[in-house]
Amino acid sequence: MNGARRWPVCLGGIGLVTLLTLVSPDGLLAQEISRSYGDFPLIGSRAAVWIAAQVHLLFAAFVLGVPMFAVVAEAIGIFGKDRKYDKLAKEFTRLLLVAYSATAIWGAVLSFLLVTLYPRLWVYLTQIFAPSMWVYAGLFFLESFTLYLYYYGWDRWAEGRAKMMHWGLGIMLNVFGTIVMFIANSWLTFMMSPPADVTPDTSPDMVQFWSAFANATWMPINIHRMIANVVFGGAIVGAYAAYRFLTAETDEERAHYDWMGYVGNLIAIGALIVLPFAGYYLGREIYEFSPGMGQTLMGGFMSWLWIIQAFLIGVLFLAGNYYLWVGMGRIPGAERFTPYTKYMLVVLVAGVIVWATPHTMIASRAEIAAMGGTYHPFLGVLGVMSAKNTAVNIMILTTFLSFLLYRRANKEPVVEWAKTGTMIQGVLFVVCAGIVIFYGIYGYFVTAIVRIGFSVYQVLAVIATIFSVLAIDIAIGRGAKSRGAIRWGQMPERSQYALFILAVTFTWLMGLMGYARSGIRQHWHVWEVVRDTSEFAATPALGYASQIISVCVLIFFGLVAFIFWVGGLAEKPVLSGVGSEGGD
Amino acid sequence: MGKYLKHPLGQSVAILVAAYLLIKFGIVYLPPLVGLASAPVPSSVVLQYMLTVIVGIFVWVSDNEERWSKFKQPMHRVMVDPERKMARGVLLVATPLLVAFVTFDRVRPSVSAPVSFRSIHPAPPGQIDFQGRTMRLTGLENPLRSRGSLDEHYEVGKRIYYQNCLACHGDGLAGLGYYAQGFNPVPLSFQDVGTIAQLTESVVFWRIAKGGPGLPNEGAPWNSAMPAWEDFLSEDDIWAVIVFLYEQTGHSPRTWGDEGEEGGH
């Protein structure tokens, strides 16, 4: 089994190295490229490369995100002396092995397709980036074998100094994986934002490596992807736990996977809260690089994707909160808080409605005439960023409140100032909501440059509230009496579908917004440098793009389901024993 | 009646009906009561809002075990209870009929134009050819703001607007000119916070100079009837009318320092 798992990785690595050798500057590059494009049957070259790249990226995001929180969970196990976190980290890592193979296979497929279908572009990129591709291949091997050492050495290096060394391996796994991602990101961001001195007449040999590598959108993409990978990894782990929960045969298994699903959801939603800031930074850099490109992304023909994104993120918020609220049913003492969830739900639904209200509405001729234009005279005010920033910040605050109630559910504080502390927490929430709403409304009465500054105040207010309220809560909970242990495993089955929804929605979102990022290059392989002269030069329509992305999501989940099923056949789960220990 | 409203299923139906009435009629008739303008909500937005409400209702009924059981109970009884045979039969006929009617209603031929899926903010090019010379739009400011008297430019812009733009964009700059209803899409309202208030003056210059014919291929078909005013107006005329648009509406043009932070939909 282990050998069988290794071969695809080796195949991927060998394939990559072979390709790099074939098209190295001393090989193919020196020759004349006889054709610019190849043909792919039935679906065409673009769809073939698109699907390979998207599925590769989905697996890659998973194998880069999971080690980040696996190593954190292991650290909690080591330094908090809590074995169940160590076992959880090992189970996270077990998922990596199989997913890593799939990443490598799809990476090799992508490389083969690029070489055979887009040879001119491939040669152009290799002329600039060849050294980084060699380093990439080397790090790929290092990452693979570090992963094997990390997983297979888990039980052998379980104590003392050996355990610390093992944890060090986990850190190195993250370091190698992150560098690999940074390298690949430089290639794709160069295609979006090549340095200003690179023109269509510039020979690729004359392009300075570092200026091409560290281009304008490289670091924003690096940061955005790192955080998004954690979100995605958490969501997929949550879905895996849900699948295991639904198929579990014993109470112990159910308890373990219930807990694992909770941790996955917490990681996904927790990291999701900071993701918009990284996206904001990326968007800003795209505008800085090319206002036209930024306009296409946010206000032009890609802008409908943001409405879809708003709706899907609304689904994420609702599903994440729903999971917590249903979970309260298995916490003794949570019944004190359940009457309040309906008010939070009203706030969330109102938030989704505001956030997803389009400024330019889809309307028939008669409806447009009745409105006096494509902007609605009353609802139009919800279509601009002042309203949307306010809505999303209130939704984040509400989600945090859900988490806080969940956390507090079975605790009976014993510190004397518990009541005062809770009141301060309440005041902080109210003040924060007041600040967010005030700046949201005030934003309509000031110029754009002032209004943009307001969104920073709103975000800072929410972040400051989250940290201060959490700090107070940790202090209040010190030495708290328990109203009873969480009954892990006694979760209604329908709650697990919320975890599936989270995973599918995240996957879909990645595909859709990835299309937006890549599609804004329009008819350029490399923006305003290498023109796409193929029959697929036109930017795909939104409907076609959403179909391709949906196919990618289906392929990804089909493979994930198969891989996890196969993995489950061969190995017994590493149960944490959480059901008998209680805990939170 | 009160008995039904205490049941989660009855409450769900009540919330659904109330939400529909609020979205369909409340949004149209309530704001004018406090002096705010409103209009009927397009069916696409009604559908979007109602879907959100339905998701919310399902979250509410199923996030608590007791409520979920009570919610399902009447449906379960209709499906299996021997005494509910009649209700079951009615549902068996009514449900496919409803689906058939909705399907028929969606696909039956209509004389109205198809719904357009139009993006409203075309991306400006980095540079344009204006009357035989190249103008770089990125970073371009309105030269009239640093030359001569703004009042004079305003007066010139006002005259040009009333001579050329009035028929479509209207006296109040709200897109309600005499000919406005003859166009699809209708002319833009400059009073709206989502039009010129979101744009740099260079983008407005490009739109006036190149009109509908100069819109980019991406996002086509635009169906804009806006003429390319570079064929009729000088560069200073266009800048003057831009001064008039901003001064008259009270909006401030977007400045280059804040590019990139906001996007409209």
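Coordinate-derived values only; no laboratory data. Every value quoted in this text rests on a predicted model; they were computed, and no experiment measured them. Virtual Cβ from ideal backbone geometry, glycine too; neighbours counted across all protein chains shown.
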Quick one: of A:Lys419/B:Lys6; A:Lys388/A:Lys419; A:Lys87/A:Lys163, which pairs are farther than 23 Å apart, Cα to Cα? A:Lys419/B:Lys6; A:Lys388/A:Lys419
Area projected by the alpha carbon convex hull of the stretch A:275-431, averaged over all directions, nm²: 12.2 nm²
Sequence-distant or interchain residues sharing an amide H contact under 5 Å with A:Trp524, placed H: which? A:Asp532
Which FRET efficiency value, to the nearest 0.05, is calculated for B:Phe25 and A:Ala464 with the Förster distance at 60 angstrom and r the Cβ-Cβ distance? 0.90
Peptide A:289-295 - average C-beta neighbours from other chains (10 Å radius): 6
Take the Cα of A:Phe112, step 7 Å along the line toward its Cβ, and report every residue of the stretch A:49-76 whose backbone nitrogen sits under 17 Å from that point. A:49-57
Residue-by-residue Karplus 3J(HN,Hα) for the stretch A:541-555, coefficients 6.51, -1.76, 1.60, Hz, glycine and proline x: 5, 4, x, 5, 4, 5, 5, 4, 5, 5, 4, 4, 5, 5, 4
I want to verify the translational diffusion coefficient of the stretch B:2-107 in µm²/s; compute it with Stokes-Einstein, Rh as the Kirkwood radius over Cα pairs, at 10 °C and 1.306 mPa s. 96 µm²/s
Nearest-0.05 FRET efficiency for A:Asp82 and A:Ala162, computed from C-beta distance (R0 25 Å): 0.85
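Could you pull out the trypsin sites (Lys or Arg not before Pro) across the stretch A:124-210 that fall in loop regions by DSSP (anything but H, G, I, E, B) with no more than 13 other Cβ atoms inside 10 Å? List each step's numbers first, then the result.
On the way: sites: A:Arg156, A:Arg161, A:Lys163; in loops: A:Arg156.
Counting only loop positions with at most 13 other Cβ atoms within 10 Å, the trypsin sites (Lys or Arg not before Pro) in the stretch A:124-210 are A:Arg156.
Averaged over B:34-44, how many beta carbons belonging to a partner chain fall within 10 Å of each residue's beta carbon?
Across the residues of B:34-44, the mean count of other-chain Cβ atoms within 10 Å is 6.
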Expected output is a single nm value to one decimal: the length gained when fully extending between A:Ile171 and A:Phe536, i.e. 0.36 nm times separation in residues minus the C-alpha distance. What is it? 127.2 nm
Rounded to whole Hz, the Karplus (6.51, -1.76, 1.60) HN-Hα couplings of the stretch B:37-46, x for glycine and proline: 6, 8, 7, x, 8, x, 4, 4, 6, 4
Could you give the spread of the C-alpha atoms of chain A along their three principal axes, from largest to smallest, in whole angstroms? 79, 70, 39
Once both labels are modelled 7 Å past Cα along the beta-carbon direction, what's the A:Arg365-B:Glu65 spacing in nm? 5.9 nm
Picking from B:Ser112, B:Ser38, B:Ser224, which is most flexible by a Gaussian network model of chain B using Cα springs under 10 Å? B:Ser38
Would you pull out the residues with amide H under 5 Å of A:Ala363's amide H, same chain only if 5 or more places away, H placed 1.01 Å from N? B:Ser116
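At a Förster distance of 51 Å, what's the computed FRET efficiency of B:Arg145 paired with B:Val13, Cβ-Cβ distance as r, to 0.05?
With R0 = 51 Å, the Cβ-Cβ based efficiency is 0.30.
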Arrange A:Met385, A:Met226 by Cβ neighbour counts within 10 Å, fewest through most, would you? A:Met226, A:Met385
Can you list residues from other chains, or at least 5 along the same chain, whose modelled amide H is less than 5 Å from the amide H of A:Lys411? A:Arg483
State the extension gain, in nm to one decimal, for the chain segment bounded by B:Ala228 and B:Thr95, taking 0.36 nm per residue of separation less the distance between their alpha-carbons. 42.4 nm
Calculate the spin-label point distance for A:Ile43 paired with B:Val78, positioning each point 7 Å from the Cα along the beta-carbon direction, and give it in nanometres. 4.2 nm
What value does the stretch B:130-229 have for Rg/Rh, both radii from Cα atoms and Rh as Kirkwood defines it? 0.96
Based on alpha-carbon positions alone, could you give the equivalent ellipsoid semi-axes of the stretch A:404-444 from the gyration tensor, as √(5λ), descending, whole Å? 30, 12, 4
Tabulate in residue order the Karplus-calculated ³J(HN,Hα) for the stretch A:65-76, using 6.51 cos²θ - 1.76 cosθ + 1.60 with θ = phi - 60°, rounded to whole Hz; enter x for Gly and Pro. x, 4, x, 4, 8, 5, 6, 5, 4, 5, 5, 4
Average partner coverage of B:53-66, which counts Cβ from other chains inside 10 Å: 6
